[in-house]
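Some notes on the structure that comes next.
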Amino acid sequence: MPRMLDVSDEVRAEIGDEEADRLLAGENAPGSYDCTSCRTPGDSEHERTSTVLFIGEETAVLAFAHAGCLPSQVVQVTEEQLQGAVRSISGDTVDLEPERIVPEQAVLGVTSGLVLIAGELHPALVVEPTAPVVRPGTTGSGDDFLPLLIEQGFMPLSELTSVPPVQHGWSVLLAMGQLHAVLQPGMNGGQPVAWWQAHQPLQVTEGWRAAANKHQQVLMFAAPVGSIGRQPREDLLRDALDKAAANGQLVGAALPLAGT
């Protein structure tokens, strides 16, 4: 029986027309599966299902997700991430050219937590560099982290009383039930690239993931080094966010969940 599968052009380009056609005909596609995003069961015979291809340096894994959780897409990950993912998803492993390399990312500390705004819990990521960030191509001892983000469209926040505006073109990639990356628009309208990528996929709580799936977006807050710190509890994290906002050291935006 044909499956209700979405195979994007970029996935088809990677796996080839023959394999894509077999999937669409139901020859290689699973009937039931665990969604690679929300980790709950899915059925490709009765509900729209996305094919998601995770690509490492040498191998790739084809996984499946509810179409409402993730669009069909190609996701670049490190080989270490991919080998760990193989243990948690049921997919086909495909050999690829070894020259696929994930570019190194800046050292950014990322904390996940639920933030209460206007009486409702929202999933949030708090980003704080481990050192001052200077503008590319310049030298000096200043910190341009917040000005650089403001130039990208993030809003300065003086208090957390309302949800910040949506930052279109950016997105948060939650896959295999874990946090993988914050994506930003590619050059000249190209494919999104990782602004931040986890060295190892980060675990998030069931409550955080449920809130992300409910709102289909994640709030991202950013502050200069030393403003937030690693807070062990969400109430302490909120206190640190409020203090940073009051001191003019916080920017934020709402990022679509696994947007394209």
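The values are calculated or read from the model by the stated rules, or taken from the named source; none is laboratory data. All figures in this text were calculated on a predicted structure; none of them were measured in a lab. FYI the Cβ positions are ideal-geometry reconstructions off the backbone, even for glycines, and counts take in every protein chain you see. With ligands, DNA and RNA removed, areas are computed over all heavy atoms of the protein, side chains included. Shrake-Rupley method; radii C 1.70, N 1.55, O 1.52, S 1.80 Å.
Worth pointing out:
- Pairs with Cβ under 7 Å, 6+ apart, first in region 241-260 and part of a strand (DSSP E or B), second among the polar types (S, T, N, Q) and surrounded by fewer than 18 Cβ atoms within 10 Å (Cβ to Cβ): 256/216; 257/216
- Residues of region 43-72 that are buried (at least 19 other Cβ atoms within 10 Å of the Cβ), at pLDDT below 85 and assigned to a strand (DSSP E or B): 52, 53, 54, 55, 60, 61, 62, 63, 64, 65, 66.
- Pairs meeting the criteria (first residue in region 11-33 and within 13 Å of residue 62 (Cα to Cα) and assigned to a loop (DSSP other than H, G, I, E, B), second residue among the charged types (D, E, K, R) and modelled with pLDDT under 80, beta carbons under 6 Å, at least 6 apart or on different chains) are 29/3.
- Of residues in region 8-37 being closer than 17 Å to residue 76 by Cβ and in contact with a strand residue (DSSP E or B) (Cβ under 8 Å, 6 or more places away or on another chain), the one surrounded by the most Cβ atoms within 10 Å (Cβ to Cβ): 36
- Residue tally, condition open to solvent by 40 Å² or more (accessible area, probe 1.4 Å) and hydroxyl-bearing (Ser, Thr, Tyr), over region 215-254: 0
- Subset tally (residues that are of a type outside the set (Lys, Arg) and surrounded by 20 or more Cβ atoms within 10 Å (Cβ to Cβ)) for region 205-214: 3
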